[in-house]
């Protein structure tokens, strides 16, 4: 039984971009300790030949791409898929955004497990052409993948309308538990322990930035709202609207990727505010629970399954503004939500249990026949 894994669909490791990269890093390190060989395809800026290197025992195959943006990602995914055909291994594809390329893996009888992520084609930020692309690729992923991973029961239910449930396994996203942090790391952002709340997300309409900032900014407060994310107000009208709606109590420090800093900002916050309206098990929400945060979350079926009693839920500006005026300052309420948050995290979202489930799925599907094209020159 093969214990070789090829990971496709991400920008690479170590994690510098988002949830899938973080997951791939944790999974790779976990599997290496269990005698797996792991190869991860990585996108690098620039031009030139494909080259290999190693990171903490993980084989990285680096593919230079000179094109930026979404088109560059598509080019990278195509090159990575074609190059990967030379491996005799089990495949894990993270996301379905270019699942049409998984047809090559199917034709070469490669065993490909796909994490289907969220319902990307429903996001407000995409135009009609992009939504059609994601809609089609969701179906390609369902057809071409040997097995599908859903990170949330609602995603599993959605995928079950495309394929049979036997082809789907529900495994949520995980996070590292944060039990302590360096308080000095938050000082440069002008905030004080327990006297600020935090948002960490991409500033897009479906993440409720405008609603949250508007509600918080209705009156002068003795607390800060720290809004992490990359804002481009000169070129993005939504970003400009969010910044224009902000009072002096709202701080925009930009995007922060330093794990220690982000962990400290979560750990010492009064609330983590999660405005995501669509998606499955969102990494940022689970990470907040891992830090024991009290949570304010948009009221939808995705967030309620993940956070449960750890969150206060809102549906719009008015009810969120009302909470900021009342329950927000209730210390007993905050303590209760923090206790619920950490308890649910420990029970359901720790990495070891989640990564073990992934390994079991990969082992189960690793015995299928594949064509070894080791010497093929496909790129």
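The values are calculated or read from the model by the stated rules, or taken from the named source; none is laboratory data. Since the structure is predicted, the reported quantities are computational estimates derived from the model, not experimental observations. Ideal geometry is used to build each Cβ from the backbone, glycine not excepted, and the neighbour counts take in all protein chains shown.
Step by step: first the residues of the range 164-177, then only those that are surrounded by fewer than 22 Cβ atoms within 10 Å (Cβ to Cβ) and touching a residue at least 60 places away in the same chain (Cβ under 8 Å), then the one that is nearest to residue 259 (Cα to Cα). Which residue is that?
Keep residues of the range 164-177 that are surrounded by fewer than 22 Cβ atoms within 10 Å (Cβ to Cβ), which gives 164-172, 176-177.
Filter once more, so that each one left must be touching a residue at least 60 places away in the same chain (Cβ under 8 Å): 169, 171-172, 176-177.
Working: 169: 30, 171: 24, 172: 21, 176: 11, 177: 12 Å.
Of everything passing the filter in the range 164-177, 176 is nearest to residue 259 (Cα to Cα).
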Inspect the range 332-350 for any residue being under 29 Å from residue 30 (Cα atoms), in contact with a strand residue (DSSP E or B) (Cβ under 9 Å, 6 or more places away or on another chain), touching a residue at least 60 places away in the same chain (Cβ under 8 Å) and surrounded by fewer than 17 Cβ atoms within 10 Å (Cβ to Cβ) and give the result as yes or no.
-> yes
Candidates 286, 242 - the one that is within 24 Å of residue 328 (Cβ to Cβ) and without any contact (Cβ under 8 Å) to a residue 40 or more places away in the chain | 242
Exactly one of 107, 103, 82 is more than 21 Å from residue 156 (Cβ to Cβ), surrounded by fewer than 21 Cβ atoms within 10 Å (Cβ to Cβ) and in contact (Cβ under 8 Å) with a residue 60 or more places away in the chain, and that residue is 82
Residues of the range 354-379 satisfying the condition of being crowded, with 16+ Cβ neighbours inside 10 Å and modelled with pLDDT under 50 = 370
Is there a residue being surrounded by fewer than 13 Cβ atoms within 10 Å (Cβ to Cβ) and within 20 Å of the chain's Cα centre (by Cα) anywhere in the range 6-16?
-> yes
Give the number of residues within the range 295-311 that are touching a residue at least 40 places away in the same chain (Cβ under 8 Å) and touching a strand residue (DSSP E or B) at 6+ places or on another chain (Cβ under 6 Å).
-> 2
Evaluate the following for residue 78: is it more than 25 Å from residue 37 (Cα to Cα) and either in contact with a strand residue (DSSP E or B) (Cβ under 9 Å, 6 or more places away or on another chain) or part of a helix (DSSP H, G or I) (or both)?
-> no
May I ask you to list the residues in the range 27-56 that are loosely packed, with under 13 Cβ neighbours inside 10 Å and either outside any strand (DSSP E or B) or touching a residue at least 60 places away in the same chain (Cβ under 8 Å) (or both)?
-> 33, 34, 35, 46, 47, 48, 49, 56
